[in-house]
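What follows draws every value from the coordinates through simple rules; no lab data is involved. If you're wondering where the values come from, they're calculated on a predicted model, not measured in any experiment. Ideal geometry is used to build each Cβ from the backbone, glycine not excepted, and the neighbour counts take in all protein chains shown.
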Amino acid sequence: MRPCIRAVLAAAASLCLLGSGLQAATAGPAPSSSAPPAVTVTNPISDEFSDTYADPAIIRGKDGYWYMYATSDPLTEAPSPFGLMHIARSHDFSSWEYLGTVFDDETRPDWATSGSFLWAPDIRYVAGEYVLYYTVTDTVADPGGSNYAIGAATAPTPAGPWTDSGAAVVEPRSDGGDGYFNTIDPALFVDDDGVRYLYFGGYHGGLWVTELDESGLTAVGEPTRVARPDRYEGSFVVKRDGYYYLTASSANCCAGPVTGYSVYAGRSTSPRGPFVDHEGVSLLDSRVGGTQVLAQNGNSIIGVGHHAIFTDTSGQDWILYHGIERDDAWLDAPGGVNERPTFVDRLDWIDGWPVANAGAGPTEGSLTGPVTGSALGIDQGDPAANQALRATAGTWHAAVEDLNDAGGVGVLDSTGEAARVVSNRPTPRDVRVEADVRFLDDAQTFAVGLAQAGRNAIAVTVDRTTGELRAEVTQGARTTVEAAPLTSLFSPDAFTSVTVEARDGVLRAVLSESRLGDVLAEVEIDLPRGAQKQRPVELASTGGAVQVDNLSVVAAHTPATERVAEPEPGSVLFAEEFDGDLQPGWEWVRPATGTTVTDAQLQWPLESVDIVGEGNTGALLLRDAPEGEWIMQTRVTLDLGVDTIRNYQQAGLIVHNSDDDFLRLGTVAIWSSRQAEFGKELVEDGRFNWGAHLGGPVAPTIWLQLHHTVDPATGDLLYRSATSRDGQSWRWGATWTLPAGSDPRIGLYAGGGAAPPAVATFDYVRVFDVR
């Protein structure tokens with residue numbers, strides 16, 4: 001972020017613009033409502049019009065609708081053709097209308113083969129038009145080669161019609177051998193440095209960022225890798241409090257009823273990284289880092305990921321993602337298309353990190369949805385259509401704008417004199433004001449005023465004459481100013497989102513193109529004591545006409561500040577310290593070769609064995625599980641080095657119903673990365689299914705935990721993973737289930753490969769009750 005300009009002035013120009021209209025304003029009646037009525041939404045939100053709606057992306061259009069896009073899958077169960085990406089829309093997230101596909105056979109990109117899939121749309125508003133980025137899986141340059149590339153299409157409205165740009169934004173990239181990197185899953189980010197950045201990539205090649213030209217349609221310069229191969233895909237970047245947050249999905253997106261997909265985050269002070277997690281572990285490290293944002297929690301929803309982040313009109317962030325209902329995982333036949341409908345949940349920021357539902361995970365069924373409207377009687381979609389705002393200078397009238405199908409807009413016309421309108425009701429003390437603003441002709445400024453009372457005021461001004469976004473706070477004769485420059489990406493003749501929020505003693509103003517975490521300019525001021533007051537909101541302009549669309553004034557959201565409580569071990573129910581013969585109750589299944597119990601450790605040499613799939617060759621050490629709720633813990637040392645490929649050497653904990661129905665949590669080598677893997681195998685109609693949640697980071701010595709509970713409604717057995725590098729700070733992960741009535745045994749496993757030689761050393765196995 002460019003440094004702001006700070007000054008203390010005797011008076012401020014914006015007060016001349018705003019203050020005179022409100023010199024006599026009083027608090028007046030209390031607001032009839034500080035927020036629009038709450039709307040209940042039901043997950044999956046896409047069920048109204050589809051069976052599957054994967055890789056969702058979202059944007060609020062200038063017409064006030066929220067538009068949601070999805071990847072190239074059949075929309076419903078058979079018979080249903082593969083659609084060339086899908087579009088739906090809603091006013092309030094509770095009811096959706098399906099609009100059709102982005103492309104048809106006539107309009108699809110001609111540089112993609114006829115058999116190419118079009119995946120993972122990312123929707124943005126760029127310089128007055130909509131741009132949809134997407135993955136092309138096969139280009140005509142090398143047909144059949146899976147030479148992934150990033151494409152883009154433009155449209156005047158979020159509903160289309162869509163026109164492909166005619167060439168790849170990011171061309172296919174060779175992996176140095178006979179194949180190509182996974183140049184997939186695009187996500188645009190715009191920063192106040194005046195640069196458009198495109199993030200892309202996946203498991204083969206890693207995540208990358210490249211600069212785009214001002215049109216957003218052509219990559220320029222050399223890309224920078226921001227996350228290692230073998231771990232992440234589905235990037236989405238937002239800027240918050242001076243940090244760039246790279247969020248991305250991990251594990252297999254599409255393993256049917258054993259899909260362990262989840263979302264992680266890293267942050268950086270630069271859009272090019274390096275991105276690190278909350279313990280400072282880099283997303284580029286072999287022992288790869290990442291802070292958990294969203295993971296399955298044991299209800300019916302699994303495989304939660306490939307997300308977008310958006311903000312409602314109260315300032316609350318939300319995460320939109322696809323998931324799989326584990327009892328209906330396939331669109332049609334097992335092993336075919338995964339059924340991945342779209343879900344939405346609150347995204348909280350706690351201790352500087354994003355987390356869904358304060359750590360509670362995905363919501364099944366109904367929840368209170370995003371705030372999408374305005375309070376104070378303002379008609380958000382046609383703000384000059386009623387008497388909620390009254391003109392005190394200049395003119396304020398309704399008009400219809402064709403650009404972007406905006407429809408009804410308010411026009412604040414300051415031709416000949418400054419124009420001002422004021423709300424008839426006061427705002428809440430903590431308030432968020434937002435509008436899509438467009439400058440017509442030679443209009444010079446647009447301003448939002450809050451807490452106007454005599455010589456005290458808060459003002460935020462978009463000033464074309466000085467080329468800045470300016471915030472001013474005045475108390476008596478003292479005015480504090482913060483300003484940020486408007487870069488070349490600011491387009492006055494396009495709609496720009498202007499957001500002003502005063503909450504908890506801080507004023508923050510942001511300009512954005514897409515209102516999706518992107519930043520054209522931002523300023524922030526600490527408010528003096530008593531500066532926030534319940535007064536009418538004022539809008540003002542000078543030098544010409546300014547269009548105001550999608551105006552909302554609502555109570556600023558109250559953020560969650562504490563995560564949900566995590567389980568903690570209580571008293572010891574059982575302990576195996578390996579200080580002699582194994583305690584009674586243990587049983588070897590296919591005993592391992594060369595294991596010894598010495599020096600209070602179980603030494604277990606790795607062999608080329610496994611129990612995933614039909615072979616069932618892996619050795620296990622099992623015992624009966626205790627009754628009730630418990631936590632099982634071990635400490636294991638298995639130094640797998642870094643960066644080298646030694647697939648899939650591993651060791652850890654196991655919950656074993658049978659060789660084809662089990663869960664296991666271990667430290668494992670996955671290509672060049674080292675990760676914690678919490679996997680599940682089950683057999684479905686004779687078909688073996690294996691999938692996993694990927695966690696960590698790991699270390700040569702790592703602590704592993706499994707927390708067991710029973711779902712009181714279904715009787716399902718629930719097991720949640722946790723890992724630690726010091727035995728004190730735990731990272732909780734995903735939850736897998738086993739069927740009600742199961743009686744699995746618990747214990748240890750090791751294997752996955754004998755080369756290079758490695759020994760897993762277990763220091764103990766302890767089972768605790770839960771505090």
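Quick look at the values:
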read-out: Spin-label model distance (nm) - SER215 vs ASP643, 7 Å beyond Cα toward Cβ; value: 4.1 nm
read-out: Rounded if a/c under 1.5, otherwise prolate or oblate - the range 101-368, Cα gyration tensor axes; value: rounded
read-out: Ranked by how many other beta carbons lie within 10 Å on average, peptides 635-643, 427-435 from highest; value: 427-435, 635-643
read-out: Segments 601-609, 185-193 sorted - mean Cβ within 10 Å per residue, highest first; value: 185-193, 601-609
read-out: Cβ charges +1 (Lys, Arg) and -1 (Asp, Glu), total dipole of the chain, debye; value: 2700 debye
read-out: For VAL337, net neighbour charge (Lys/Arg +1, Asp/Glu -1) across residues whose Cβ lies under 11 Å away; value: -4
read-out: Pairwise FRET efficiency - ALA575 versus ASP743, Cβ, R0 = 25 Å, nearest 0.05; value: 0.65
read-out: Anisotropy class of the range 569-770 from Cα gyration tensor, a/c 1.5 cut; value: rounded
read-out: Euclidean distance between Cα centres, the range 155-171 to the range 721-735, Å; value: 44 Å
read-out: Ranked packing of 341-353, 139-151, most packed first, by mean Cβ within 10 Å; value: 341-353, 139-151
read-out: Charge tally in the Cβ shell below 12 Å around PRO56, where Lys, Arg are +1 and Asp, Glu are -1, PRO56 excluded; value: -2
read-out: For the range 432-493 and the range 652-713, distance of Cα centres in Å; value: 54 Å
read-out: Neighbour-limited loop hits for trypsin sites (Lys or Arg not before Pro), the range 477-554 (at most 12 other Cβ within 10 Å; DSSP other than H, G, I, E, B); value: ARG529
read-out: The range 67-162: GluC sites (Glu not before Pro) in DSSP coil with no more than 12 other Cβ atoms inside 10 Å; value: GLU106
read-out: Normalised contact order of the range 370-441, rounded percent, pairs of Cα under 8 Å and 6 or more residues apart; value: 29 percent
read-out: Residues MET85, MET68 arranged by fewest to most Cβ contacts within 10 Å; value: MET85, MET68
read-out: Euclidean distance between Cα centres, the range 575-631 to the range 538-556, Å; value: 68 Å
read-out: Listed residues VAL655, THR637, GLY686: farthest to the positive end of the dipole of the range 599-698 (Cβ charges); value: THR637
read-out: Rounded if a/c under 1.5, otherwise prolate or oblate - the chain, Cα gyration tensor axes; value: prolate
read-out: Extended-chain gain in nm, criterion 0.36 nm per residue less alpha-carbon gap, ASP402 and ALA477; value: 22.6 nm
read-out: Linear extension gain, THR224 paired with ASP660, 0.36 nm per residue minus alpha-carbon span; value: 152.7 nm
read-out: Ranked list, fewest to most other Cβ atoms within 10 Å of each Cβ, for GLU501, GLU568, GLU401; value: GLU568, GLU401, GLU501
read-out: Modelled FRET efficiency - R0 25 Å, ASP178 with SER114, Cβ distances, 0.05 increments; value: 0.60
read-out: ³J(HN,Hα), Karplus 6.51/-1.76/1.60, whole Hz, each residue of the range 587-596, x for Gly, Pro; value: 9, 7, 10, 6, x, 6, 8, x, 6, 9
read-out: Simple label model, 7 Å out from Cα along Cβ direction - THR368 to SER94, nm; value: 1.4 nm
read-out: Calculated FRET value between ALA127 and TYR764, using beta carbons and R₀ = 60 Å, to 0.05; value: 0.45
